[in-house]
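The values are calculated or read from the model by the stated rules, or taken from the named source; none is laboratory data. All values derive from a computational prediction rather than experimental measurement. Note: ideal-geometry Cβ built from the backbone for every residue, glycine included; neighbour counts use all protein chains shown.
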């Protein structure tokens, strides 16, 4: 800028600095709803001080020649700090820019009147206006940068808190610890959480479909070779469980049971077991529909020992014959001894079923009439 204010104009502007800044503040309070109550407490003093600092910086710039080095850092840094403070206070960038627009309008109106009254010629008024608005643009840009940086920083900090909360939830931390972490992360706990496990590559797409309060973390599934898994903790599924399953229908997901949010580790553990027990590439699996399989696979070694003991009477037969007898015994138990139903299920003649059952009774003796032994056989045969 080639404009340089005469000393008498500069003095006049400085003499009215407090009044002009107060006028700008009053206008912002009146015209920008987000700032109606902003002047209470320390933040109000910070904002008012930033307005005065900005006006003082402008007069300093306008009073120097174009070839002088003008130290703008104080006002620009103040505007940057103001932007960060506004973000921390919860005011939007739109509100911040609206405040700048109102402040610029008032500042131009007041400063131009003072400058003209003090002797600024009409020829210099256009340059004065250009200087005013260029300066305000610079300050507003600095505030916008501060606002954006604060949001980015606070977002990263909050995400770290959320990640920490998820780790505590999945590890089964105490109620006191979980509630403190939820408050620190600014996360309102739901009534229940439901763990969903799915490949990490599908997690982002699934998150779009779910509640914004859904939490996400990586899951360690060391025995799986198909790639990394993610765990989603979905709030308050309740009666909409069928909706959740439909939303995940085209994803390789496992949905655990709904649990009180502080006990979601239970849901996560069951979903994890299902991932291990039933690797699949199809639609979402509902653990609530797989409870029997989960029980049968809860202790693989115990199940193997039970099979050896319960089916020991069939060791006398050749492998092929033993396989047919095991198949027949399983169907016979499931159909409660109805020969026709067993024959239909196995695609054999009823006489074949009768012959095989005769072999089974000979091998097992009265054990087939013992309720405890029958229970063990049903579990062993799956």
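Structure data summary
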{"quantity": "Cβ pairs under 8 Å, 6+ apart, first in region 140-162 and assigned by TED's automatic domain parsing to the domain that holds residue 85 and within 25 Å of residue 103 (Cβ to Cβ), second modelled with pLDDT of 90 or more and outside any helix (DSSP H, G or I)", "calculated": "none"}
{"quantity": "Meets criteria (part of a helix (DSSP H, G or I), under 30 Å from residue 283 (Cα atoms) and assigned by TED's automatic domain parsing to the domain that holds residue 269) for residue 196", "calculated": "no"}
{"quantity": "Evaluation of residue 190 against (1) over 22 Å from residue 157 (Cβ atoms); (2) assigned to a loop (DSSP other than H, G, I, E, B); (3) free of Cβ contacts under 8 Å to residues at least 24 places away in the same chain (one fails), failing number", "calculated": "(3)"}
{"quantity": "Number of positions in region 117-135 that are in a loop (DSSP other than H, G, I, E, B) and loosely packed, with under 15 Cβ neighbours inside 10 Å", "calculated": "2"}
{"quantity": "Sole residue being surrounded by 13 or more Cβ atoms within 10 Å (Cβ to Cβ), modelled with pLDDT under 85 and either in a loop (DSSP other than H, G, I, E, B) or under 38 Å from the mean Cα position of the chain (by Cα) (or both), chosen from 91, 101, 84", "calculated": "91"}
{"quantity": "Single match in 278, 219, 312, 225 (criterion: more than 27 Å from the chain's Cα centre (by Cα) and modelled with pLDDT under 85)", "calculated": "278"}
{"quantity": "Residue tally, condition part of a helix (DSSP H, G or I) and closer than 26 Å to residue 95 by Cα, over region 148-187", "calculated": "12"}
{"quantity": "Residue among 284, 277, 253 that alone is in contact with a helix residue (DSSP H, G or I) (Cβ under 6 Å, 6 or more places away or on another chain), surrounded by 14 or more Cβ atoms within 10 Å (Cβ to Cβ) and either under 26 Å from residue 167 (Cα atoms) or touching a residue at least 60 places away in the same chain (Cβ under 8 Å) (or both)", "calculated": "284"}
{"quantity": "Qualifying residue in region 164-179 (condition: in contact with a strand residue (DSSP E or B) (Cβ under 9 Å, 6 or more places away or on another chain), at pLDDT below 85 and surrounded by 18 or more Cβ atoms within 10 Å (Cβ to Cβ))", "calculated": "no"}
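Conditions tested, residue by residue: (1) modelled with pLDDT under 80; (2) surrounded by fewer than 17 Cβ atoms within 10 Å (Cβ to Cβ); (3) over 37 Å from the mean Cα position of the chain (by Cα); (4) not assigned by TED's automatic domain parsing to the domain that holds residue 147.
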| residue | (1), (2), (3), (4) |
| --- | --- |
| 18 | no, yes, yes, no |
| 31 | no, yes, no, no |
| 59 | no, no, yes, no |
| 67 | yes, yes, yes, no |
